[in-house]
Amino acid sequence: MNEPKFTFVEPGRDRRKRKEHLKAVMKHQPGTARAVELANLARDFHENRELNMAMDTARQCLLESEGTVSFLVNAYICHDRDDHAIEDLAMLADLARWLDDDGLQAIVRAMAFERGLGWCGCTDGRERERRIDTLRRRFDDGLANEVDLALI
């Protein structure tokens, strides 16, 4: 009998697995472990453009306990390179804006300023302009202007 050498593409399989994982996590006792899992799932949903599930999961994570903002930050900021970390922060900034969470927005803005300052500060000329323009597109004019003024 001939066995296929590859798995068949099933578009909804990964989505179903993520939803099943969420259901399994929600059956656990509330606490730190569950909050960490919810934060990681929120990131996973966000990466796969399931934005409503990402917002719901992040909201559940924030309701778990007081220190869960740090769990979301740790789940979203998973790259060491500054340019990739800027993209991670931009995703987290979008999530904070959608959730209308002022505390998370303030934390993300401060982190984006620090990372942006380091990322743009190590260059000059046209490359610095390009990087500041990236900050402008990914965040807002205010953050890009603050970084630009800090580097003058």
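The values are calculated or read from the model by the stated rules, or taken from the named source; none is laboratory data. Bear in mind that the values here come from a model prediction, so they are computed numbers and not experimental data. Glycine also receives a Cβ, built like all others from the backbone with ideal geometry; neighbour counts cover every protein chain displayed. Only protein heavy atoms, including side chains, enter the accessible area calculation; ligands, DNA and RNA are left aside. Shrake-Rupley method; radii C 1.70, N 1.55, O 1.52, S 1.80 Å.
Against the definition (closer than 21 Å to residue 40 by Cβ, surrounded by 18 or more Cβ atoms within 10 Å (Cβ to Cβ), in contact (Cβ under 8 Å) with a residue 12 or more places away in the chain and polar (S, T, N, Q)), how does residue 68 come out, yes or no? It is true that residue 68 is closer than 21 Å to residue 40 by Cβ, surrounded by 18 or more Cβ atoms within 10 Å (Cβ to Cβ), in contact (Cβ under 8 Å) with a residue 12 or more places away in the chain and polar (S, T, N, Q). Considering only residues in region 95-106 that are free of Cβ contacts under 8 Å to residues at least 24 places away in the same chain and not small (Gly, Ala, Ser), the one that is least open to solvent (accessible area, probe 1.4 Å) turns out to be 105.
Note on region 13-38: among residues that are under 23 Å from the mean Cα position of the chain (by Cα) and not in a helix (DSSP H, G or I), the one that is surrounded by the most Cβ atoms within 10 Å (Cβ to Cβ) is 30. When we screen 132, 152, 107 for residues that are of a type in the set (A, V, I, L, M, F, W, C) and part of a loop (DSSP other than H, G, I, E, B), the only hit is 152.
Conditions (1) in contact with a His (Cβ under 7 Å, 6 or more places away or on another chain); (2) aliphatic (A, V, I, L, M); (3) in contact (Cβ under 8 Å) with a residue 12 or more places away in the chain; (4) outside the structural domain of residue 51 (by the TED database), marked per residue:
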position	(1), (2), (3), (4)
89	no, yes, yes, yes
108	no, yes, yes, yes
120	no, no, yes, yes
130	no, no, no, yes
137	no, no, no, yes
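Within region 23-35, residues that are in contact (Cβ under 8 Å) with a residue 24 or more places away in the chain reach partners that are part of a loop (DSSP other than H, G, I, E, B) and open to solvent by 70 Å² or more (accessible area, probe 1.4 Å) with beta carbons closer than 8 Å, at six or more positions or on different chains, in the pairs 34/28. On the stretch given as region 76-89, residues that are open to solvent by 10 Å² or more (accessible area, probe 1.4 Å) and part of a helix (DSSP H, G or I) total 4. Taking the criterion of being open to solvent by 70 Å² or more (accessible area, probe 1.4 Å) and of a type outside the set (A, V, I, L, M, F, W, C), the residues of region 116-132 that qualify are 124, 126, 129, 130.
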